Amino acid sequence: MDGIHDLGGRQGFGKVDTGEKEVAFHSDWEARAYGIVRAMSKAPGWSLDKFRFTREQIDPADYLTRPYYDQWLQCYAALMVGSGIASVAEIASGHSQSGLAGPGPARGPDSVFETQKSAAPFERPQITPPAFNAGSSVQTKSFAHGGHTRLPSYIRGHKGEVRHVRGTFVFPDDSARGIEHAEPLYTVAFNADDLWPGEGASHLVLLDLWESYLDPA
């Protein structure tokens, strides 16, 4: 999906502060929001890609001004309403009115980090041989669509070289729509100066890209 979330390579947002002190949470409520999300049991059909696609649909003004973990809570509220687990009124009040059971038992604070470490794997058995090998010249697709995609806009239509074949992984564009489909994943190197003429010098940009994003060059 093309939207305000796809900020890679865009101009006009100011200099990136690389000296900012790295902290896990900037305030207590962020830590609590993280814990709430990690302690939730996921409803059938929920996935990381569905969450990302939901976040991509946040209004641009909200996306640029809401704190990161506030966006998380907004997305999970939308997922709960969309799945019929809770109503807008219940989300607003913070209390269940229907008595509807959630998708699974609630987890306590002590289990949050265990839950994080046991995240679902995304690698799948290889069904068909990969179309490309290390050293293959490829060109990214130029498409844009209204669904979720992990192909950044700044890389579309550019030529690169496959550096590694990573295996077969769940394809996010389909996963966001609740469809289980897996395909080969590659690490592809691009010349930064081809992406941003006069800015990249001799640097390389490496991205992990699914086979559907690539054509032979």
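The values are calculated or read from the model by the stated rules, or taken from the named source; none is laboratory data. Small disclaimer: the values here were computed from a predicted structure and weren't measured. Heads up, the Cβs are rebuilt from the backbone with ideal geometry, glycines too, and the neighbour counts pull from every protein chain shown.
Mind checking whether some residue in segment 135-147 is at negative phi, surrounded by 13 or more Cβ atoms within 10 Å (Cβ to Cβ) and modelled with pLDDT under 95?
yes
Restricting to segment 177-203, count the residues that are farther than 25 Å from Phe122 by Cβ and either in contact (Cβ under 8 Å) with a residue 12 or more places away in the chain or exposed (fewer than 14 other Cβ atoms within 10 Å of the Cβ) (or both).
11
Taking helices (runs of 4 or more DSSP H) that do not extend beyond segment 11-76, which have at least 3 residues that are among the aliphatic types (A, V, I, L, M)?
28-39
Is there any pair with a first residue in segment 6-25 that is surrounded by 10 or more Cβ atoms within 10 Å (Cβ to Cβ) and a second that is hydrophobic (A, V, I, L, M, F, W, C) whose Cβ atoms are under 7 Å apart and which are 6 or more apart or on different chains, and what are they?
Leu7/Phe13; Gly9/Leu195; Gly9/Trp196; Phe25/Ala31
May I ask you to say which residue of Lys42, Lys21 is more than 16 Å from the chain's Cα centre (by Cα) and within 22 Å of Glu180 (Cα to Cα)?
Lys42
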